[in-house]
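Bear in mind these aren't lab numbers, they're just calculated from the coordinates by the rules spelled out. All of these numbers come straight from a predicted model, not from anything done at the bench. Reconstructed Cβ throughout: ideal geometry from the backbone, glycine too, with neighbour counts over all protein chains shown.
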Amino acid sequence: TTKNAFAHSPALVMTVFGAVTFHIFLGAAMFEQIWFVEERGFDRTEIAEITGWMAMGAGILGNIVGGAGSDYFLKKTGLGRPMFLFWVTLFIMPMMLAYRLVDPASPLFMVCMFLAFFQFGSVYGPIFGTVQELVPPEVRGTVTAVTLLIINVMGIGFGVTAGGLFVDWLIANEVDSPYTTTLVFFTGISFLTIPLFFFAGRRFQQDKQALIRSM
């Protein structure tokens, strides 16, 4: 059953909750367009066009690198795709923190924006590849659907709601740069993805072998 699939695979649980933690950050990032205009001085139309091109180019590249890179990493190391995500997030997440604080006139700002969209694209292949490998064939579809539900409700849904409430609270208390403060705070929360993906990667082979034996 779906419940047993999660109960018998700590690597699966940690991968899913790593994805949830990452998507809390992604949910709060729904306020980025307001942040660009009100606290970073961009023209609304100009920044919408820039982020659109960034999302397409960096997002597609992230999809390809995340899928092919995690396959290659698994083949060469046997450590599992979550460990690949660990290295990606370990490198990029500090850049996401810099992204919220660096001067928008600096070239680093656009580099960080590119890396943000790259990371958004890179996580899905490894996450759902891990789900497919750690779940019995007869419940893979159901577990994938449950994973999507958890990510959207607990991750994006919570991030958007909590982010909005936090921004409103900061504005009501006349805190300077409420959107920057909110995005920095939720970026900090997303750092929890790093240990979650690390331990999921360490546990991956043990859970995969247990699944093979049970079949």
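Below, the figures for the structure above:
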quantity	calculated
Pair residue 98, residue 44: separation of 7 Å Cα→Cβ label points (nm)	3.2
Estimated 222 nm signal from helices in the chain, with DSSP H stretches of n ≥ 4 weighted -39500 (n - 2.57), rounded to 500	-27500 deg cm²/dmol
Cα-projected label distance for residue 140 with residue 30, points at 7 Å along beta-carbon direction, nm	3.2
Residues with amide H under 5 Å from that of residue 9, placed H, sequence gap 5 or more	none
Phi to ³J(HN,Hα) by Karplus 6.51 cos²θ - 1.76 cosθ + 1.60 over the stretch 96-102, Hz, x for Gly, Pro	5, 5, 4, 4, 6, 10, 6
Peptide ranges 16-29, 170-183 listed from the most packed, as the mean C-beta count within 10 angstrom indicates	16-29, 170-183
In Hz, Karplus ³J(HN,Hα) per residue of the stretch 21-32 (6.51, -1.76, 1.60; θ = phi - 60°; x = Gly, Pro)	4, 4, 6, 4, 4, 5, x, 5, 5, 4, 8, 4
Folded to 0 to 90 degrees: helix 178-190 orientation relative to the chain principal axis, Cα	20
³J(HN,Hα), Karplus 6.51/-1.76/1.60, whole Hz, each residue of the stretch 133-147, x for Gly, Pro	7, 9, 10, x, x, 6, 10, 4, x, 5, 5, 4, 5, 5, 4
Listed residues 83, 29, 105: farthest to the positive end of the dipole of the stretch 1-144 (Cβ charges)	83
Amide proton proximity set for residue 135, modelled H, under 5 Å, gap of 5+	none
From the C-alpha gyration tensor of the chain, square roots of 5λ in Å	34, 19, 14
By average C-beta atoms within 10 angstrom, highest first, the peptides 3-13, 103-113	3-13, 103-113
For the stretch 138-215, alpha-carbon Rg relative to the globular expectation (2.2 N^0.38 Å, N residues)	1.60
Two-site FRET efficiency, residue 175 against residue 4, from Cβ-Cβ distance with R₀ of 41 Å, rounded to 0.05	0.30
Inter-site label distance for residue 184 and residue 109 at 7 Å from Cα along Cβ, in nm	1.6
Amide H contacts under 5 Å for residue 42, placed H, 5+ residues apart	37
